[in-house]
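Engineer: Pasting in a structure now, in structure tokens, and then I'll have a few things to ask.
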Amino acid sequence: MDKIVNIVGGGLAGCEAAYFLAEKGFSVKLYEMRPQVQTPAHETEFLGELVCSNSLKSTLPDTSSGLLKAEIEILGSVVLKVAEQCKVPAGNALAVDRTDFAKGMDDIIRNHPNIEVIGEELTDIPADRPCIIATGPLTSDKMAESIKRRFGGGLYFFDAIAPVISFDSVDMEKAFFKSRWEKGDDDYLNLGMNKEEYELFYNELIGSDQVEFKDFEKLNVYEGCMPIEVMAKRGPQTLTFGPFRPVGLRHPVTEQKYYAVIQLRKENKEGTAYNLVGCQTKMKIGEQQRVFRLVPGLENAEFLRYGSIHRNTYIHSPGNLKRTFQVIGDEKLYFAGQITGVEGYLESAASGLLAAYSLVNPEFDGFHEETALGALARHVSGEVAENKKEFVPSNFHFGMVPGHGKKIRDKKLKKRMYAERALSHYK
Ligand SMILES: Cc1cc2nc3c(=O)[nH]c(=O)nc-3n(C[C@H](O)[C@H](O)[C@H](O)COP(=O)(O)OP(=O)(O)OC[C@H]3O[C@@H](n4cnc5c(N)ncnc54)[C@H](O)[C@@H]3O)c2cc1C
């Protein structure tokens, strides 16, 4: 077995992988470019810094983030260990003192006898194997170029994401399946609005409270995935002639015409999760709930993923990575963290653990698809993405795991059952 492992990037994924491997007796060389080279979002020299919010989300066992926490705890997550030591009161969420957290991570990693931290920017994927690349969404430019060369240009920059909601929470008395001009298999779920309903939505949208842009993000807003509120500010008709255009979308039974139509696209094969097409947004979370729930049919929308926007460098993992986070054709090279197309602190940490777990267990073929870790890995390898060409980063949500095979109306019960089922695979 190779006993020396190189890890590039000392963020959440890199630290998780380093700690896991070090605890298993491997010698880890961890390369971290900060503070010599800073990213546009990190503020300290500490390893494992949280770049934005201080929340690691809900701890409730019947939530997707609660389940993910329970699973990574079983694998010995160092992120959770440190978070517990510096948590601050936040109801059912695990929130931390950001500075204490980063100092705690830095301390535990740098003082581990099996980890050597090397303060250096790597500009190329190292030739040494095994190696884990965990350079994150703000991978340095030169390394990004090297990764791009390696994957034949398959490196993606993505700015904005739209919310994903649970199918069960859509009012099907108001929604209808139809493809524009009947082209296709009625793949879209449509929500029509009359003029009055649209104007209410529009006014609340443009007046909504939004997360401030950081300077570096201003550089990078692509026309193709512009936040909906930015587009709407160009004029009330920009949306009704753009993503909300109603043409070709009369109601199939009543023949009713609409002033505007929001289309929802399936996010997973099971059809339990739907993406609000064209609704990528930078509204604050509470505002996303308030504004989108004004759309008839979405009054009780349950958000599986919220919209967000930031610079994000990630590889087109489907076709390039296995569900063990190994590079296809170069199996001692692993990728981990947000660069693989997972989204969020916990998910990044989880993928670091997964890569390290695979490295230690060469026979490992991935966790069960009903677990959060199995589902995340399958998202990355393209097995749950509806369309591999449209691979976009995602946090873990229950829409990624197979359904129960029957409709369960009680949402809390349904989630509890998902969580119990997932955890049963670790017994
Ligand atoms: C602006 C922004 C805000 C975010 N806010 C949130 C949030 O509030 N909540 C949430 O859940 N998720 C958030 N995310 C998403 C994601 O969870 C975090 O980015 C998370 O830190 C990703 O973990 P990671 O380990 O993949 O990358 P990182 O934690 O970024 O770690 C990567 C490390 O690699 C280092 N590095 C980069 N290139 C090199 C190189 N060439 N050589 C050596 N070292 C290198 C970096 O300095 C960094 O320390 C945010 C992302 C961004 C960009």
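The values are calculated or read from the model by the stated rules, or taken from the named source; none is laboratory data. All figures in this text were calculated on a predicted structure; none of them were measured in a lab. So basically every Cβ, Gly included, is an ideal-geometry build from the backbone, and we count neighbours across all protein chains shown.
Engineer: How many of the residues making up segment 54-75 are of a type in the set (G, A, S) and in contact (Cβ under 8 Å) with a residue 60 or more places away in the chain?
Structural biologist: 4
Yes/no per residue for (1) more than 16 Å from the ligand (Cβ to nearest atom); (2) surrounded by fewer than 18 Cβ atoms within 10 Å (Cβ to Cβ); (3) over 19 Å from the mean Cα position of the chain (by Cα):
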residue	(1), (2), (3)
R234	yes, yes, yes
L239	yes, no, yes
G248	yes, yes, yes
T254	yes, yes, yes
E267	yes, no, no
G271	yes, yes, no
N275	yes, no, no
F303	no, no, no
S317	no, no, no
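Engineer: So, V392, is that one part of a loop (DSSP other than H, G, I, E, B) and under 23 Å from Q280 (Cβ atoms) or not?
Structural biologist: Yes, satisfied.
Engineer: Looking only at residues that are within 9 Å of the ligand (Cβ to nearest atom) and in contact (Cβ under 8 Å) with a residue 40 or more places away in the chain in segment 121-132, which one is surrounded by the fewest Cβ atoms within 10 Å (Cβ to Cβ)?
Structural biologist: This residue is E121.
Engineer: Could you grab me the full set of residues in segment 1-42 that are assigned to a loop (DSSP other than H, G, I, E, B) and away from the ligand (no atom under 11 Å from the Cβ)?
Structural biologist: Result: M1, D2, K3, K24, G25, F26.
Engineer: Another question, then. In this structure, does E49 turn out to be part of a helix (DSSP H, G or I) and acidic (D, E)?
Structural biologist: No: the conditions fail for E49.
Engineer: Now a separate question. Among the residues of segment 287-327, how many are free of Cβ contacts under 8 Å to residues at least 40 places away in the same chain and touching a Ser or Thr at 6+ places or on another chain (Cβ under 9 Å)?
Structural biologist: 1
Engineer: Return the residues of segment 43-71 that are surrounded by 23 or more Cβ atoms within 10 Å (Cβ to Cβ) and away from the ligand (no atom under 13 Å from the Cβ); say none if nothing qualifies.
Structural biologist: L67, E71
Engineer: All but one of (1) in the same structural domain as E45 (by TED's automatic domain parsing); (2) farther than 22 Å from A356 by Cα; (3) crowded, with 18+ Cβ neighbours inside 10 Å hold for I165; which doesn't?
Structural biologist: In the conditions (1) in the same structural domain as E45 (by TED's automatic domain parsing); (2) farther than 22 Å from A356 by Cα; (3) crowded, with 18+ Cβ neighbours inside 10 Å, I165 misses (1) alone.
Engineer: Also, quick follow-up: Restricting attention to segment 134-149, which residues are within 9 Å of the ligand (Cβ to nearest atom) and in contact (Cβ under 8 Å) with a residue 24 or more places away in the chain?
Structural biologist: Hits for segment 134-149 are A134, T135, G136, P137, L138, T139, S140, M143, A144.
Engineer: Taking the residues in segment 101-120 that are surrounded by fewer than 16 Cβ atoms within 10 Å (Cβ to Cβ) and part of a helix (DSSP H, G or I) as candidates, determine which candidate is nearest to the ligand (Cβ to nearest atom).
Structural biologist: R110
Engineer: Can we say V82 is assigned by TED's automatic domain parsing to the domain that holds R416, assigned to a helix (DSSP H, G or I), closer than 25 Å to E120 by Cβ and more than 9 Å from the ligand (Cβ to nearest atom)?
Structural biologist: yes
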